[in-house]
1. Looking at the chain as a GNM with Cα springs under 10 Å, which of L215, L204, L47 has the largest mean-square fluctuation?
2. Among all stretches of the chain without exposed GluC sites (Glu not before Pro) (DSSP loop, at most 10 other Cβ atoms within 10 Å), which one is longest?
3. Which one, Y205, Y83, Y192, has the greatest fluctuation when you compute a Gaussian network model over the chain with C-alpha springs under 10 angstrom?
4. Could you work out the local net charge near T179, counting Lys and Arg as +1, Asp and Glu as -1, over the other residues with Cβ closer than 12 Å to its Cβ?
5. Ratio to report: Rg/Rh of the chain, with Cα atoms as the point set and Rh obtained by the Kirkwood method; give two decimals.
6. Less than 10 Å Cβ to Cβ from L8, Lys/Arg counted +1 and Asp/Glu -1: what total charge do the surrounding residues give?
7. Taking the alpha-carbon centroid of each part, what is the distance from region 2-54 to region 59-120 in angstrom?
Amino acid sequence: MRQHVNPLSRFFQLPLELPGPDQLFDTANRPIHLDIGCARGVCLLELSAMKPDWNHLGVEIRRPLVLAAQRDRDELERHNLHYLFCNANISLEAWLAELTEDQLQLVSIQFPDPWFKRRHRKRRVMQPSLLLAIAAALSPSRELFLQSDVLEVVEPMVALVELSGCFDRPDEDTRPWRTNNPLQVPTERERYVQEQGLPAYRVLYRRNEQPLPELEALEIVWQRVDNPADVPLNH
Ligand SMILES: C[S@@+](CC[C@H](N)C(=O)[O-])C[C@H]1O[C@@H](n2cnc3c(N)ncnc32)[C@H](O)[C@@H]1O
């Protein structure tokens, strides 16, 4: 299977209407954990057993992984768990906007694809509009967890979250990186990283009371930080 797909290719730009919680889970009004880029979904499979009073949704752009993960879920009859195929940057925002207040309680983005090259930065999953859609759906104190083994990947994510002003880190967490994974279950990539003795850079954020910035304003400040060469002089 291909390691990376290009989320900007035409096929992945087609918006999909994602089913709401009442079509995904047997009890729709439980708290939801959303894992973006869940791959084969082993982390959520385990978490859904550990936390049966939560609903768990994994979204993933590689359809064969989603089909395999859904098969596991069906065999185990795990009705608080679902996996959906989609491009998170295209189809997730509308789904998030439809949630009832305080339904979404945790979002994780774990070891996202490392698009290093400057010209590939638009392929990264953490973009201003997705971040604002997540922030809009999370009530104060609800959590966003990020981790990666690649500093060049996690640092821009952290910079964007901090620029938004919508999230704070728990006072007790070590800086610059949290030492452990608050989810307690490692992902596929995390297991590999641990086996290889590689570092994992982790940050837990909590939604604060600040209102969302305007998307355009966030994009402008974000461009100044992430890609200063492309910012027009009058901005
Ligand atoms: C490096 S893998 C990590 C998978 C898993 N989170 C882990 O830690 O093992 C990143 C995953 O994100 C998925 N992905 C990348 N861009 C995406 C997007 N725009 N929407 C949904 N999934 C995406 C990739 O297909 C891949 O499975």
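1. L215
2. It runs 102-171.
3. In this elastic network of the chain, the residue with the biggest mean-square fluctuation among Y205, Y83, Y192 is Y192.
4. Values: positive: R175, R178, R202; negative: E172, D173.
Around T179, the surrounding residues sum to +1.
5. Ratio of gyration radius to Kirkwood radius: 0.94.
6. Working: positive: R10, K122, R123; negative: none.
Neighbourhood net charge equals +3.
7. 3
Values quoted throughout were computed directly from the atomic coordinates according to the rules given, and no laboratory measurement underlies them. These figures come from a predicted structure and were not determined experimentally. Ideal geometry is used to build each Cβ from the backbone, glycine not excepted, and the neighbour counts take in all protein chains shown.
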